[in-house]
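First up is the structure itself, then whatever we jot down about it.
The values are calculated or read from the model by the stated rules, or taken from the named source; none is laboratory data. Remember, predicted model here, so these are calculated numbers, not experimental data. So basically every Cβ, Gly included, is an ideal-geometry build from the backbone, and we count neighbours across all protein chains shown.
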Amino acid sequence: MNSTLIQMTLLMACGVGWRFLKPAGLQAEYVRHVLTTLVYYLLLPAMVLDVMWTADIGLHSFNFTLLGLSSILFAILCSWIIGSLFKFDGKRSGAMVLAAAFPNVTYLGLPVLEQTFGSWARSVVIQMDLFATSPFLFTIGIMIARHYGDDPAEKPKSALTFFNAPPFWAAALAIVLNLNDLVAPAWFAGVLEKLSAAVVPLMLFSLGLALNWKAVTVRNIPYVTPVILIKMLLMPIFAIALAGYLPMEGKFKAAAVLDLAMPSMVLGIVFCDRYRLDSALYAMTVTVTTALSLITLPFWHGVLINEFLK
């Protein structure tokens, strides 16, 4: 795990360095937009198709969905209780709920799990994302953002329009091919494999581009602290307890829980900007939890090994 995190950190550091140095005058946000667009529309769908085509789709998929949705709901409840008790204002509370509830299961979870457990863990990450995190984020997550923030659009688009997206098209096609026992031609499988290989380094580099240390301010510490407590301690504990009751092999339990122990997802900043929540607070939360994950992820990995893989 430590070796894996060192590699991940160095790749993210390249992105952080680009933010400060701006080679060729290219701003970090512009480069990140280009890279994430490439990943979202081409590379990630290729990986989804490659992995889901041969994945074990069935009871495992239901268990990943149940574990992911339940853990996210638990984090939402915890952050809502804390926000209500301390009477945080709506824009900060909304940013806190999103930051505490939705982990970075793909952009950081994918490289960490693949390097830690092996290539089979890619299936865990993709199913956790497509069957739990993303559907929940683009439905309930949007409802939360609208509730706490402001919606400038006269006619808000339905959250369900998100499912008209390349990763979900690829997942639907892969499931059809998988259930019909169709085998990919060797040349096509090779293309998918090569496209998939580019996902991890580009994701980590993009994550580094997104980290903004200027967003870290003293005034936001009282709001970031509860998120750290929920996201990096309470949510993994809840996921471990629930996973113990699910009918899965220990290695799948360990991989799924570690994926849920990831820091706050970067995509939430888009919702904060869109619905006028506290974007600076969310950006600080992403930066701080990502930095702290270099300590917490090895800890939870050790706990999971003893709990499910002994």
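The C-beta contact set for region 95-111 (first residue free of Cβ contacts under 8 Å to residues at least 24 places away in the same chain and under 17 Å from residue 270 (Cβ atoms), second residue among the acidic types (Asp, Glu) and part of a strand (DSSP E or B), distance under 7 angstrom, 6+ apart or interchain) is empty. Counting only helices (runs of 4 or more DSSP H) wholly contained in region 1-69, the ones carrying 3 or more residues that are free of Cβ contacts under 8 Å to residues at least 60 places away in the same chain occupy 2-21, 28-38. Say we look at region 204-228 and pick out the residues that are assigned to a helix (DSSP H, G or I), of a type in the set (Val, Ile, Thr) and surrounded by fewer than 21 Cβ atoms within 10 Å (Cβ to Cβ); which of these is modelled with the lowest pLDDT? Going through the qualifying residues, I end up with 218.
Among residues that are without any contact (Cβ under 8 Å) to a residue 12 or more places away in the chain and closer than 19 Å to residue 249 by Cα, residue 118 is included.
Which one of these is within 21 Å of residue 224 (Cα to Cα) and modelled with pLDDT under 90: 86, 102? If you could, list the steps in order and put the result at the bottom.
Details: 102 fails: modelled with pLDDT under 90.
Criteria check complete, one pass: 86.
Out of region 234-291, which residues are among the basic types (Lys, Arg) and assigned to a helix (DSSP H, G or I)?
Taking region 234-291 and keeping what is among the basic types (Lys, Arg), we get 251, 253, 274, 276.
The answer is 251, 253, 274.
Just a yes or no: is a residue in region 99-107 surrounded by fewer than 24 Cβ atoms within 10 Å (Cβ to Cβ), out of contact with any Lys or Arg (no Cβ under 6 Å at 6 or more places or on another chain) and in a helix (DSSP H, G or I)? Looking through region 99-107, none of the residues is surrounded by fewer than 24 Cβ atoms within 10 Å (Cβ to Cβ), out of contact with any Lys or Arg (no Cβ under 6 Å at 6 or more places or on another chain) and in a helix (DSSP H, G or I).
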